[in-house]
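J.: Sharing a structure, written as C-alpha cells. Questions coming.
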Amino acid sequence: MTTAELPVIAAVDGSWRSYEALEWAARDAVRRGLPLTIVHVRPLNRRTSQEEQRREAEELLAEAVGRVAQVAPTLHTSTLAPMDFPAAALTALSEHASLLVLGSRGLGGFRSLLIGSNSLTTASMARCPVVVVHSGRAEEEGAEAAEAETFSDIVAGVAADESSEAVLDFAFEAATTRPGARLRIVHGWTMFSSMLSGGPVFDRDAAAGAAERTLAELTAGRPEKYPQVEVVQEPVHGSASHTLVTASATAALTVIGRRKGGEELGFGLSPVAQTTLTHALGPVAVVPC
C-alpha cells in the first residue's frame with residue numbers, strides 16, 4: 001500500500017474535543033479520497049478488567065462510527081482499540097497512516113492546559129503528518145465550534161532551508177483539496193537570522209529583500225504545478241509564531257514543520273512550531289521534515 005492509499009486515522013477518547021477532531025478527519029478523508037480508521041486507545045489500567053475495557057471501547061467506537069455516518073455517509077471506516085499508552089500506540093500506528101488527527105486535549109489533564117500531553121507528544125514523534133484540532137473557535141466547552149469549511153485559507157510557516165520542502169508539499173496538496181483555497185506562506189525573519197544565514201547584517205531593507213527572495217526560491221515551480229491555488233507570500237519581520245497563531249483563527253489549516261531525529265530527546269518541535277501548536281485557534285498540521 002502506497003502513502004497515497006494509507007488511511008486517515010482519528011483518535012477518540014469520548015471527549016467532545018476528540019469528536020470534533022473525528023468530524024474534521026472524516027471531512028478531510030472524503031476530500032482526499034481515503035478511508036478513515038477510528039482508534040480508541042485503551043489505557044493500561046489494572047483497576048478495570050480487560051473485558052470491561054473492551055466493552056467500553058466497543059460502545060465508544062460504535063458512537064464514533066455513527067457520528068461519522070452523519071458527516072460523511074459514504075466514507076469507508078474501520079476501528080481499532082489497542083491497549084497501550086496513548087502516545088505510544090498512536091506513534092506506532094502513524095507508520096501506517098497518511099494523516100493522524102487528534103483533539104487538542106482529551107478527558108484527562110488540567111482544564112488550564114492549552115494542549116494535552118498526549119497530543120503534544122504524538123505530534124512530536126509521529127511518522128506521518130499530525131493534525132491537532134484546536135477548539136479555540138468555540139465560545140465554551142460543549143458549544144459547537146465554527147465549521148472548518150467556513151474558512152478557506154491554508155497557512156504554512158516555512159524556514160529558509162530544505163526542511164520547508166515537506167511543509168510546502170503538504171500545504172499545496174491540502175489547498176488543492178479545497179476549491180478556492182488561498183495558500184498564505186509565512187516566513188519570519190530578523191536581522192539576527194539574516195546574519196546567521198550570511199545575509200545583510202545592518203541594512204534592514206536589504207534583509208527584507210533577501211527574505212522575499214528566499215520565499216520566491218522556496219516556492220519556485222510550485223505555482224506552475226498547482227495553478228489552481230492562489231499563493232500569497234508573507235515575509236514577516238519579527239515573530240513568525242505570533243503571525244501563525246493570529247492567522248490560525250481564520251484558517252482552515254495551519255501547517256508547520258517538525259525536524260526528524262532527536263524526538264527521544266524532546267527536540268522534535270522548534271520554538272516556533274511548539275508555540276504555534278500550543279496557542280493556535282484552529283487546526284494545525286505538524287509535518288515531519
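The values are calculated or read from the model by the stated rules, or taken from the named source; none is laboratory data. Everything numeric in this text was worked out from a predicted model, so none of it was measured. Note that we place each Cβ from the backbone using ideal geometry, even for glycine, and neighbour counts take in every protein chain shown. Please note that ligands, DNA and RNA were not included when accessible areas were found on the heavy atoms of the full protein model with its side chains. Shrake-Rupley method; radii C 1.70, N 1.55, O 1.52, S 1.80 Å.
J.: On full extension of the chain, what length is gained from E63 through M83, given 0.36 nm per residue of separation minus the C-alpha to C-alpha distance? All intermediate terms of the calculation are to be shown ahead of the outcome.
T.: Values: separation 20, 0.36 × 20 = 7.20 nm, distance 1.92 nm.
Going from the current span to full extension adds 5.3 nm.
J.: Counting only heavy atoms of protein chains, what accessible area per residue, in Å², does the chain have with a probe of 1.4 Å? Let's see the in-between values first.
T.: Values: 14040 Å² over 289 residues.
Ligands and nucleic acids excluded, the figure is 49 Å² per residue.
J.: Within 10 Å, at most 11 other Cβ atoms, and a DSSP state outside H, G, I, E, B define an exposed site. Report the longest part of the chain free of exposed chymotrypsin sites (Phe, Trp or Tyr not before Pro).
T.: Values: sites that count: F110, F202.
Result, exposed sites excluded: 1-109.
J.: Sequence gap at least 6, Cα distance under 8 Å: using those rules, report the relative contact order of region 174-235 to the nearest whole percent.
T.: Numbers: 63 pairs, mean separation 31.1, N = 62.
It comes to 50 percent, rounded to a whole number.
J.: Okay, next question. Compute the Cα gyration tensor for region 170-289, then decide on rounded, prolate or oblate, letting a ≥ b ≥ c be the square roots of its eigenvalues: rounded whenever a/c is under 1.5, prolate when a/b is larger than b/c in the other cases, and oblate in all that remain.
T.: Details: a/c = 1.64, a/b = 1.13, b/c = 1.46.
Oblate, because a/c is 1.5 or more while a/b does not exceed b/c.
J.: Let's test the formula: R0 of 45 Å, r as the Cβ-Cβ distance of R204 and E95. What FRET efficiency results, to the nearest 0.05?
T.: Approximately 0.50, to the nearest 0.05.
J.: Continuing with the same structure: Would you please put 92-103, 213-224, 239-250 in order of how densely packed they are, using the mean number of other Cβ atoms within 10 angstrom per residue and starting with the highest?
T.: Details: 92-103: 21.8, 213-224: 14.0, 239-250: 19.9.
With the highest mean Cβ count within 10 Å placed first, the list reads 92-103, 239-250, 213-224.
J.: Next up: Out of the DSSP beta bridges found with both residues in the chain, what percent are antiparallel (nearest 5)? Mind showing how you got there, number by number?
T.: Details: 3 of 40 bridges.
Within the chain, antiparallel bridges account for around 10 percent of the total.
J.: Determine the share of the chain's accessible area contributed by carbon and sulfur atoms, expressed in whole percent, with a 1.4 angstrom probe. Present the calculation step by step, with values, prior to reporting the outcome.
T.: Working: 7550 of 14040 Å².
Carbon plus sulfur share of accessible area: 54 percent.
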